[in-house]
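Below is one structure, written out as structure tokens; comments come after it.
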Amino acid sequence: MKKLILFDLDGVLFNSIKNMELSWNEVMKKFLIKKEFNQYKKHIGLPFKKILLKLNIKHNQSSIENYYQKKSLEYLHKIKPYPNVLKKIKNYDSKRFLIGIWTSKHRLRVNKILKKYNLKFDFIIAPKKGIRGKPYPDQVTKCLKSLNMLNKNVFFIGDMKTDREAAKKSKINFIFASYGFGKIKDKKLNRLNNFKDVYKIVERL
């Protein structure tokens, strides 16, 4: 049976930190928000409006989100793939693996990034109205049901504590991308230190 690998986008496939910082700085200026990017960064991985709530920003959420998305598209050129990502994704063994993305990033921006680098995945899980995003399992549960996949054959590669929590709630395997944005000190975690080893690690588990 094939194994399914789900990748988080930001901090696993792409280094988008500069894009986020520039976009958030624009939001701060326009909406007179006094929450620095370092505070925002702690919550990367959550849906955008949940990040706003974490920052105690309760008003104008839709306007802020739309403006952030607009600026993120303007700064799209600041998003760069991590070493070995393009080669490994473009040359994965489709007889042994299915590959997908599980992200909190808006689908429009996901599509533009993937088109820019000519990357194709079997499916993409992104925010959708009426379905709870990370760290809730709803999106993945629905996906696995449609694929008729067993949870034990599913591996989620993420870089934030939110990703680990999402994997746990979804009852799927978690692999920590140690080169990403977050830090998790648990020595028992399966770690991906370099993307070139991604398929070896999944095969071993």
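The values are calculated or read from the model by the stated rules, or taken from the named source; none is laboratory data. Model, not experiment: these values are computed from the prediction. Cβ coordinates were reconstructed from backbone atoms using ideal geometry, including for glycine residues, and neighbour counts include every protein chain displayed. The area values use the complete protein model at the heavy-atom level, side chains included, leaving out ligands, DNA and RNA. Shrake-Rupley method; radii C 1.70, N 1.55, O 1.52, S 1.80 Å.
With protein chains left intact and a 1.4 Å probe, residues in the chain average 55 Å² of accessible area per residue.
Within the accessible area of the chain, the carbon and sulfur atoms contribute 49%, probe 1.4 Å, all protein chains present.
For the chain, the share of DSSP beta bridges that are antiparallel, to the nearest 5, is 10%. Suppose R0 equals 35 Å. What FRET efficiency, 1/(1 + (r/R0)^6) with r the Cβ-Cβ distance, do residue 197 and residue 25 give to the nearest 0.05? Working from the Cβ atoms, E equals 0.50.
Packing order of peptides 27-33, 104-110, highest average first: 104-110, 27-33 (average count of other Cβ atoms within 10 Å over each peptide's residues).
The HN-Hα couplings worked out from phi for the stretch 82-95 by the Karplus form 6.51 cos²θ - 1.76 cosθ + 1.60 (θ = phi - 60°) are 6, x, 6, 5, 4, 5, 5, 6, 6, 10, 6, 7, 5, 7 Hz, whole numbers, x standing for Gly and Pro. For the stretch 139-190 versus the stretch 17-86, the spacing of their alpha-carbon centroids is 23 Å. In the stretch 1-128, a dipole from Cβ-located charges (positive for Lys and Arg, negative for Asp and Glu) runs towards its positive end, and of 119, 97, 76 it is 97 whose Cα lies farthest in that direction.
A simple charge model with +1 on the Cβ of Lys and Arg, -1 on the Cβ of Asp and Glu and nothing else charged puts the dipole of the chain at about 160 debye relative to its Cα centre.
Given the -39500 (n - 2.57) contribution per DSSP H run of 4+ residues, what per-residue ellipticity at 222 nm results for the chain, rounded to the nearest 500 deg cm²/dmol?
Dividing the helical sum by the residues of the chain leaves -11500 deg cm²/dmol.
For the stretch 47-205, a Kirkwood hydrodynamic radius built from all Cα pairs, placed in the Stokes-Einstein relation at 4 °C and 1.567 mPa s, yields a translational diffusion coefficient of 76 µm²/s.
In this structure the amide hydrogen of residue 190, modeled in the peptide plane, comes within under 5 Å of the amide hydrogens of 176, none closer than 5 places in sequence on its chain. Shown in residue order for the stretch 45-54 are the 3J(HN,Hα) couplings computed by the Karplus curve 6.51 cos²θ - 1.76 cosθ + 1.60 at θ = phi - 60°: x, 7, x, 4, 5, 5, 4, 4, 5, 4 Hz (x for Gly and Pro). The spread of Cα positions in the stretch 53-146, taken along each principal axis and listed from longest to shortest, comes to 48, 35, 18 Å.
Put simply, the stretch 137-205 fits an ellipsoid with semi-axes of 21, 14, 10 Å; these come from the alpha carbon gyration tensor as the roots of five times its eigenvalues, largest first. Residue 2: which aspartates and glutamates have alpha carbons under 15 Å from its alpha carbon, excluding same-chain residues fewer than 8 sequence positions away? The reachable aspartates and glutamates, counting only those whose Cα sits under 15 Å from residue 2, are 93, 122, 203. Strictly over 20 Å apart at the Cα level, which of 49/145; 134/161; 34/54 would you flag in this model? Beyond 20 Å between Cα atoms: 49/145. Rg and Dmax of the stretch 1-101, based on Cα coordinates, read 16.4, 53 Å.
Test of understanding: extend the Cα→C-beta vector of residue 179 to 7 Å, then name every residue of the stretch 89-113 with backbone N under 15 Å from that spot. Within reach of a label on residue 179: 89-90. Between residue 59 and residue 78, what is the spin-label point distance in nm, taking each point 7 Å from the Cα along the Cα→C-beta axis? According to this spin-label approximation, the distance is 2.7 nm.
In summary, the aspartates and glutamates within cross-link reach of residue 112, defined as a Cα separation below 13 angstrom excluding same-chain residues under 8 places away, comprise 74.
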